[in-house]
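Inspection log for the structure reproduced underneath, given as structure tokens.
The values are calculated or read from the model by the stated rules, or taken from the named source; none is laboratory data. Note that the structure is a prediction, hence the values are computed from the model and not measured. All Cβ positions, even for glycine, are placed from backbone atoms using ideal geometry, and neighbour counts span all protein chains on display. These area figures cover heavy atoms from the full protein model, side chains too; ligands, DNA and RNA do not enter into them. Shrake-Rupley method; radii C 1.70, N 1.55, O 1.52, S 1.80 Å.
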Amino acid sequence: MPNSEEITAAVRQLYDTYPFPPEALLDEPPPGYNWRWTWPAAYAFCTGRKPATQAVRILDAGCGTGVGTEYLVHLNPEAQITGIDLSGGALEVARDRCRRSGASRVEFHHLSIYDVAQLEGEFDHINCVGVLHHLPDPIRGIQALATKLAPGGIMHIFVYAELGRWEIQLMQQAIGLLQGEKSGDYQEGVKIGRKVFAALPENNRLVKREKERWAMENHRDANFADMYLHPQEIDYNIDTLFELIDASGLEFLGFSNPDYWNIERLLGQDTELMAEAQKLGDRARYRLIELLDPEITHYEFFLARPPLVKMDWENDQALLQAIPEVSLCLQGWPSQHLFDYNYQLVTLSEDEFEFMKGCDTNSQEGEGMKTVGEILAGGNLDLEGVRSLQKRQLILLSPDKRPAG
């Protein structure tokens, strides 16, 4: 069995051979947005309120070629961004990517997650996407990151799920057997893997799954190698996932795709089954969901280092005094028909649209900022309508801290 240093060297070699992700470099900011990388939106998702400051420190842990890092810079204009990665080749691409698009508020370090303590200070937001499951010791990795998370800070993590990746696991093993002593030659592995898919019958389950889910991205060799040739991969289920989370010592805030983890979408038509499912604890209910719908290929979730102050806005008076703003993660605004934070089409009612137009005046802090109550006074929306907009992440709310008088 290879030791930790040998595994780390093999992972570094893979990403030096095929820097990942292989997205094209642009001479302008990247298109669109990812709300999980947008500090105000991510913080509001975790706490129910807009953060008090935009001038934060963000760490992209395992940044690869800087695709996420570039977004972090452009989506958070007051933040200072740091990216670290094990692969020197990937980091060179990341530096070039950010230089070309004008993402100047970033510094890169050729550093393992295990050695993140070498960075100065703490971070308000840590982004770790697609990395921990490639470490020889993910628990050691998440614990190292936890030490760099500031009190009240949040961490976004993405790791693989075993049930939705069973075909990938089988193909990884098949290519390994065929490659034999040439294991570790990633270019040769890509050739063998593509020949296997070409040779298999069209009705083969592995071929059908590849065509259904992965073929569009796997036409690029870097994607194919990352999926089928990776020398180190740990896939999780709900039980082992929460072992990882518990080991971090941080607070689990929830999955960043909460609709998937709603049991009602699976059993909602049967009231008796729903009643039994609701008796389960959260983790057992999550396990039930993935057993009944084993399509999930990864877990995305937020953790926090307490204290993290949360608001649910159930108090009418507090909501009336809140300062509302239109979310930055909307496409098509101002319009009644727009795409929300998850790029899902939303149609606003006339009353919702008029209220959100009133929120636009609060996009810049100053004396002209209006409270929810002040905006509602000029329209027909009620408080439940405001709560609906907030829960759908169409608006962000802040406690009113304006001087009285």
**Q.** Contour minus Cα-Cα distance for Ala55 and Ala117 (0.36 nm per residue)
**A.** 20.1 nm
Q. Which of these, Leu149, Leu291, Leu72, has the largest mean-square fluctuation under a Gaussian network model of the chain (Cα springs below 10 Å)?
A. Leu291
Q. Which of the peptides 162-171, 137-146 is most tightly packed, and how do the rest follow, judged by the mean count of other Cβ atoms within 10 Å per residue?
A. 137-146, 162-171
Q: Please give the peptides 118-129, 303-314 ranked by average Cβ packing (other Cβ atoms within 10 Å per residue), highest first, as a rough proxy for protection.
A: 118-129, 303-314
Q.
Based on Cα coordinates alone, diagonalise the gyration tensor for the chain, multiply each eigenvalue by 5, take square roots, and list the semi-axes in whole Å, largest first.
A. 39, 26, 21
Q | Residue-averaged 222 nm ellipticity for the chain, from DSSP H runs of 4+ at -39500 (n - 2.57), nearest 500 | A | -11500 deg cm²/dmol
Q. Dipole of segment 61-159 (Lys/Arg Cβ +1, Asp/Glu Cβ -1, origin at the Cα centre): which of Phe158, Ile113, Phe123 lies farthest to the positive side?
A. Phe158
**Q.** Pairs beyond 29 Å (Cα-Cα), from Lys182/Lys208; Lys148/Lys191; Lys148/Lys211; Lys50/Lys279; Lys148/Lys279
**A.** Lys148/Lys191; Lys148/Lys211; Lys50/Lys279; Lys148/Lys279
**Q.** Computed magnitude of the charge dipole of the chain (debye, nearest 20; Cβ of K, R +1, Cβ of D, E -1)
**A.** 440 debye
**Q.** Percentage relative contact order, segment 1-87, counting C-alpha pairs under 8 Å, at least six apart
**A.** 32 percent
(Q) Show me, bin by bin at 5 Å from 0, the whole-percent P(r) of segment 54-105 based on Cα pairs. (A) 5, 25, 34, 23, 10, 2, 0
Q. Between Leu178 and Glu23, what is the FRET efficiency for a Förster distance of 25 Å, r being their Cβ-Cβ separation, to the nearest 0.05?
A. 0.25
Q. Once the Cβ-Cβ distance between Glu78 and Phe252 is put in as r, and R0 is 25 Å, what FRET efficiency do you end up with, to the nearest 0.05?
A. 0.35
Q.
Contact order normalised by length for the chain, with contacts defined as Cα pairs under 8 Å and 6 or more residues apart; what percent is it?
A. 18 percent
Q.
Under a crude label model (7 Å from the Cα following the beta-carbon direction), how far is Ile234 from Val309 in nanometres?
A. 3.6 nm
**Q.** Top positive-direction residue, dipole computed over segment 1-57 with Cβ charges, set Pro31, Pro21, Asn3
**A.** Pro31
Q: First measure r as the distance between the Cβ atoms of Gln278 and Gln321, then evaluate 1/(1 + (r/R0)^6) with R0 = 22 Å and state the FRET efficiency to the nearest 0.05.
A: 0.05
Q. Given a 1.4 Å probe and the protein chains all in place, what does the accessible area of Ile113 round to, in Å² to the nearest 10?
A. 10 Å²
Q.
I'd like to check one number: the per residue accessible area of the chain, probe 1.4 Å, reported in Å² as a whole number.
A. 48 Å²
Q. To the nearest 10 square angstrom, what accessible area does Tyr228 show with a 1.4 Å probe?
A. 10 Å²
